[in-house]
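Encoded as structure tokens, the structure appears first; notes follow it.
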2 protein chains.
Amino acid sequence: MAKPKKTPRPKAQTPKGFRDYFGTDVSDRAEMLQAIAGVYHRYGFDALESSAVETVEALGKFLPDVDRPNEGVFAWQEEDGDWLALRYDMTAPLARVYAQHRNDLPNPYRRYTMGPVWRNEKPGPGRFRQFYQCDADTVGTASMAADAEICAMLSDTLEAVGIQRGDYVIRINNRKVLNGVMEVAGLAGDDKEAERGIVLRAIDKLDRLGPDGVRALLGEGREDLSGDFTKGAGLSQAEIEIIMNFVGAFDAVQQTIGHAATNAFEAGDTAQGKRLDRARNSVMAKTRDLCGDDIQATKDWNDFLFQHLKSITGNSAVGFQGVEELENISKLLIASGYLNNRVIIDPSVVRGLGYYTGPVYEAELTFDVQNEKGQTVQFGSVAGGGRYDDLVKRFTGQEVPATGVSIGVDRLLAALRATNRIGTTEQGPVVVTVMDRARMADYQAMVAELRSAGIRAEVYLGNPKNFGNQLKYADKRNAPIAIIEGGDEKERGVVQIKDLYLGAKIAETATHEEWAGNPSQFEVPRDQMLAKVQEILNQ
Amino acid sequence: MAKPKKTPRPKAQTPKGFRDYFGTDVSDRAEMLQAIAGVYHRYGFDALESSAVETVEALGKFLPDVDRPNEGVFAWQEEDGDWLALRYDMTAPLARVYAQHRNDLPNPYRRYTMGPVWRNEKPGPGRFRQFYQCDADTVGTASMAADAEICAMLSDTLEAVGIQRGDYVIRINNRKVLNGVMEVAGLAGDDKEAERGIVLRAIDKLDRLGPDGVRALLGEGREDLSGDFTKGAGLSQAEIEIIMNFVGAFDAVQQTIGHAATNAFEAGDTAQGKRLDRARNSVMAKTRDLCGDDIQATKDWNDFLFQHLKSITGNSAVGFQGVEELENISKLLIASGYLNNRVIIDPSVVRGLGYYTGPVYEAELTFDVQNEKGQTVQFGSVAGGGRYDDLVKRFTGQEVPATGVSIGVDRLLAALRATNRIGTTEQGPVVVTVMDRARMADYQAMVAELRSAGIRAEVYLGNPKNFGNQLKYADKRNAPIAIIEGGDEKERGVVQIKDLYLGAKIAETATHEEWAGNPSQFEVPRDQMLAKVQEILNQ
């Protein structure tokens, strides 16, 4: 008989672009998501967990006649010929769920969902093919109250997970305003779709490229530092100015209010002058600081802003409607107390893709962090969303208005870590060492006693022969305390309790004499073990 | 130009065998898993979330030369030729993670994990192709203390989620004991693997088929009521008796203790006789009631049980080792206080598959429920596990001992519902109705006020024209309260508060006169809205 061939050992590796999460990476995220779910629930949003697998047909991004329609998604063919795929976001499945269950769901339907999504993209540094999304959407209403509510909820959510007021801002804009401006600039009509896309992407890069960079992209194009040339939208100088009047709305409004304040002072109306001055100063064009608690300044600022937007959208009906929607949202958020110091109307927010049909919004963290290059930068965007009105139509033929937000779970968690709102290392368990293998039952009884008191504790389960290995293990576990009960201690009815954190601190600074005194180790009667451990942990 | 072909509308449907979870199905599960994670954490287990996608090679159940190796799993081929698949359980990924990261992980490594797994199986009623698992395993130690610890933890876990002591039992056995018995029955050796498998499966069916059914399967075979014949292991009568001595160990031990008690009484040792009588009575063979708090009875019972198991495993070394391991676990669980009324040694537990190499354990809920046929049955198993020592070896070549448990998340949740430990319907949000679309800001301010006080609340976002629809919506949301502020109320500075639960109750019983008095609707000043809502909710 031939000797059976040996199968080579499989490689112990995650597939390319996938990763495992350990310990606090998992539990901190779970805790954060739970806090988020608490806020969403309070806002009347219901939980939904749709299946991770969808028919490719329902996901709908793909051509039905392609042999292997898995561009961008992970897809496979069933024996009966159907193609299935892993969801790539939470919005496409929501449209399917809503269409499938609409007779049973409340209408409008507020839902939140959290879980992994998958993208079949080329993995890169920091780019993974599986990551978490956490979405909240309201389906079935065109009311601006739905958009305003989601922005307020986003604000409450950030504070609930530990971002302080003042460390974030939620910016709102409306696509219709930009569409109105583009109409005025002569960019309406189906044949100008490419140009509109370039304009959208150019404005989205304002923070990075500055006004001159955006101007170049609106015109002939722009060469970057590496010499690469990006083709522009090819607008005329006049058209560019119209767009830039929109992009630079903040500065323009500030100037206008400044003039109005000066005029008021000159006319002797000191009260009005001061009031307008407050509005101008409290919303700074550059840093876009919020108006603090000065609600009147917020209202004055917004009045001038909406005036400006109406003037630059001219006769465009869609532009006018966009400004009206912003005014509406603004009014709602002032009434519920969010628009003075948490949420701001900001015409520079466009959100890159063509997807949105009305209000768009994003949450930005404004505190500084170091980037990979060691530069100090603002942390930046952690959530974004907007109104989309066409998704459900694919299934039902009826237009169903919807609006929603998606939180970048990994980024928000990173932000909480960056600001030490959650620690990166966790206190480990109390480790009960094993001095006598035959007395494992005694050690188990000790951990049982500690655990019953709610203390995280474990007995060493490796080979107990080498005591040094047990202390190394306790160290690796970041254990605060080790407990030792050898034969001698057992006989005398005591245990040794080592305060490992204190020991490490002393080891850094102590003289040999101090160290020899062993001030971080305590002998206590066995029946006082729990009390002593609690005392050390509560220090 | 030819008219472009219309793409047919996609079907709004989950793929076959998949499902969506709504509302409390999601949040109750999240809450239950959080309680479980709390216990696991206290026991020193660290969270792990491995990637949902693995290489088919790492999952390892599949032949590498098959063109499409997706039997049982959902698998697809990457552009570079690699096959990837969705995990089908949590144990295969654990082996991969441990092999990949073993230099960074503590050793032994205690980890827990919870999440969906996928099976490419034919879907059926109640059988889904995506479901949750929640596992805890200890990798890297052969110590029975690890197995004992997991059983104790399982007990704490069930109580933490709301199963009361006495409503569950955790049974422990050891595969080695059965292997010893099979050795005595002449079923050792590679050529008897098929027979051993039949014996294993036959014993696993004891609850359903009774001793005679098991006997038939050990012998020639068994015809069931439908006339289907299952081939047996073909054992001789003597061999069958050896196996049945193991299967019937509980009855045998009870008889033996009974005889010993009688002998003690006859010898005039009343104290000893009473003590043994207590042991016999407190562990009933049929219902396998636990020993309550009578720790001595537990010890006595177990002494007789281990004696019996040693006698039926005869000279088998593996059998002897199995009994010793059980004795060891038993001692540890008595010391930590679990073996008297929560955990029991039970030789009838075998756990169906060939996977396990030592201790096996399962958690059973002992209260009665109605099955689909309306019969009263015990709820049954909700978790199981055991020791498996070969999984990591596939990757590293080294044997790594491991033991772990898996909780059936959906079944445990169903159990909590069956015993009303969690409700099936949830109280909905307070619904603020919209009487005047132009005053949406007022209504938003109301919900903001309620939410700030921690009350779940929402404003009606549908078309407000038909007030009846708003009340229907509140009903569908299971709202406890509706708030109404029309123009008249606004003018008078009041709001109407409808207690919808009380209203529904009154509607069932009230006379026309009582009903007309409208005792479930209150008018309060606007600034007392919050207090009144709180008062109603706290009733």
Inset, instruction - Please specify each residue of the range A:93-109 satisfying the condition of being surrounded by fewer than 20 Cβ atoms within 10 Å (Cβ to Cβ) and more than 9 Å from chain B (Cβ to nearest Cβ). - result: A:ASN103
Inset, instruction - State the number of residues belonging to the range A:197-213 that are open to solvent by 60 Å² or more (accessible area, probe 1.4 Å), in contact with a helix residue (DSSP H, G or I) (Cβ under 9 Å, 6 or more places away or on another chain) and part of a helix (DSSP H, G or I). - result: 2
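Consider B:GLY428 carefully, then state whether it is in a loop (DSSP other than H, G, I, E, B), under 33 Å from the mean Cα position of the chain (by Cα), at the interface with another protein chain (Cβ under 9 Å from one of its Cβ atoms) and crowded, with 18+ Cβ neighbours inside 10 Å. Outline the logic, then answer.
Values: in a loop (DSSP other than H, G, I, E, B): yes; under 33 Å from the mean Cα position of the chain (by Cα): yes; at the interface with another protein chain (Cβ under 9 Å from one of its Cβ atoms): yes; crowded, with 18+ Cβ neighbours inside 10 Å: yes.
So B:GLY428 passes the test.
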Inset, instruction - Answer yes if at least one residue in the range B:381-398 is of a type in the set (Gly, Ala, Ser), open to solvent by less than 50 Å² (accessible area, probe 1.4 Å) and within 13 Å of chain A (Cβ to nearest Cβ), and no otherwise. - result: yes
Inset, instruction - Would you check which residues across the range A:483-500 are open to solvent by 30 Å² or more (accessible area, probe 1.4 Å) and either farther than 18 Å from A:GLN444 by Cβ or small (Gly, Ala, Ser) (or both) and list them? - result: A:GLY487, A:ASP488, A:GLU491, A:ARG492, A:GLY493, A:LYS498, A:LEU500
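In the set B:GLY140, B:GLY124, which member is small (Gly, Ala, Ser) and farther than 30 Å from A:LYS476 by Cβ?
Working: B:GLY140 fails: farther than 30 Å from A:LYS476 by Cβ.
Exactly one residue qualifies, and that residue is B:GLY124.
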Inset, instruction - All but one of (1) in contact with a helix residue (DSSP H, G or I) (Cβ under 6 Å, 6 or more places away or on another chain); (2) in a loop (DSSP other than H, G, I, E, B); (3) within 14 Å of chain B (Cβ to nearest Cβ) hold for A:THR157, so report the exception by its number. - result: (2)
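Let me confirm something: among A:ASP137, A:ASP89, A:ASP167, which residue is within 14 Å of chain B (Cβ to nearest Cβ) and among the charged types (D, E, K, R)? Reasoning before the result, please.
Working: A:ASP89 fails: within 14 Å of chain B (Cβ to nearest Cβ); A:ASP167 fails: within 14 Å of chain B (Cβ to nearest Cβ).
Result: A:ASP137 is the single residue among A:ASP137, A:ASP89, A:ASP167 that is within 14 Å of chain B (Cβ to nearest Cβ) and among the charged types (D, E, K, R).
When you check A:LEU290 against the structure, is it open to solvent by less than 50 Å² (accessible area, probe 1.4 Å) and either at pLDDT 90 or above or at positive phi (or both), yes or no?
Details: open to solvent by less than 50 Å² (accessible area, probe 1.4 Å): yes; either at pLDDT 90 or above or at positive phi (or both): no.
No: the conditions fail for A:LEU290.
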Legend entry - Tabulated pairs, the range A:226-245, first outside any loop (DSSP other than H, G, I, E, B), second open to solvent by less than 40 Å² (accessible area, probe 1.4 Å) and hydrophobic (A, V, I, L, M, F, W, C), C-beta under 6 angstrom, 6+ apart or interchain: A:GLU239/A:ALA185; A:ILE240/A:LEU218; A:ILE242/A:ALA185; A:ILE243/A:ALA185; A:ILE243/A:LEU218; A:ASN245/A:ILE312
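Report the residue count in the range B:162-196 for those that are in a helix (DSSP H, G or I) and open to solvent by less than 20 Å² (accessible area, probe 1.4 Å).
First pass over the range B:162-196, keeping only residues in a helix (DSSP H, G or I): B:175-184, B:190-196.
The next check asks that each one be open to solvent by less than 20 Å² (accessible area, probe 1.4 Å); those that pass are B:175, B:177-178, B:180-182.
So the count comes out to 6.
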Inset, instruction - Among the residues of the range A:252-280, write down those that are of a type in the set (S, T, N, Q) and open to solvent by less than 80 Å² (accessible area, probe 1.4 Å). - result: A:GLN254, A:THR256, A:THR262, A:THR270, A:GLN272
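Every residue, every condition in (1) open to solvent by 10 Å² or more (accessible area, probe 1.4 Å); (2) more than 9 Å from chain B (Cβ to nearest Cβ); (3) at pLDDT 95 or above, yes or no:
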{"site": "A:ASP25", "(1), (2), (3)": "yes, no, no"}
{"site": "A:ALA30", "(1), (2), (3)": "yes, no, no"}
{"site": "A:GLN34", "(1), (2), (3)": "yes, no, no"}
{"site": "A:PHE45", "(1), (2), (3)": "no, no, yes"}
{"site": "A:ALA52", "(1), (2), (3)": "no, no, yes"}
{"site": "A:GLU57", "(1), (2), (3)": "yes, no, no"}
{"site": "A:LYS61", "(1), (2), (3)": "yes, yes, no"}
{"site": "A:ASN70", "(1), (2), (3)": "yes, no, no"}
{"site": "A:VAL73", "(1), (2), (3)": "no, yes, no"}
Inset, instruction - Give the residues of the range A:110-155 that are of a type in the set (Asp, Glu) and buried (at least 20 other Cβ atoms within 10 Å of the Cβ), sorted by residue number. - result: A:ASP135, A:ASP137, A:ASP147, A:GLU149
Inset, instruction - Kindly list the number of the only condition in (1) open to solvent by 20 Å² or more (accessible area, probe 1.4 Å); (2) in a loop (DSSP other than H, G, I, E, B) that fails for A:GLN378. - result: (2)
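So which strands (runs of 3 or more DSSP E) stay within the range B:466-539 end to end and still have 3 or more residues that are closer than 13 Å to B:VAL430 by Cα and not hydroxyl-bearing (Ser, Thr, Tyr)?
On the way: elements: B:481-484, B:494-499, B:521-525.
Filter on the range B:466-539 gives B:481-484, B:494-499.
State whether one or more residues within the range A:161-169 are farther than 16 Å from A:LEU365 by Cα and either acidic (Asp, Glu) or over 21 Å from the mean Cα position of the chain (by Cα) (or both). It would help to see each step written out before you state the result.
Residues of the range A:161-169 farther than 16 Å from A:LEU365 by Cα: none.
For the range A:161-169, residues farther than 16 Å from A:LEU365 by Cα and either acidic (Asp, Glu) or over 21 Å from the mean Cα position of the chain (by Cα) (or both): absent.
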Legend entry - Set B:ALA252, B:ALA264, B:ALA216, B:ALA260: member being over 26 Å from B:SER316 (Cβ atoms), touching a residue at least 12 places away in the same chain (Cβ under 8 Å) and not in a loop (DSSP other than H, G, I, E, B): B:ALA264
Legend entry - Condition check for B:VAL434: within 9 Å of chain A (Cβ to nearest Cβ), in a loop (DSSP other than H, G, I, E, B) and surrounded by 21 or more Cβ atoms within 10 Å (Cβ to Cβ): yes
Inset, instruction - Search the range B:452-481 for residues that are within 11 Å of another protein chain (Cβ to nearest Cβ) and pair each with any residue that is open to solvent by 50 Å² or more (accessible area, probe 1.4 Å) and β-branched (Val, Ile, Thr) when their beta-carbon atoms are under 8 Å apart and the residues are at least 6 apart or on different chains. - result: B:ASN478/B:THR425
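The values are calculated or read from the model by the stated rules, or taken from the named source; none is laboratory data. What you see is a predicted model; the values in this text were computed from it and never measured. Methodologically, a virtual Cβ is constructed for each residue, glycine included, from the backbone with ideal geometry; neighbour enumeration extends over all protein chains shown. Remember, those area values only see protein heavy atoms, side chains included, never the ligands or the DNA or RNA. Shrake-Rupley method; radii C 1.70, N 1.55, O 1.52, S 1.80 Å.
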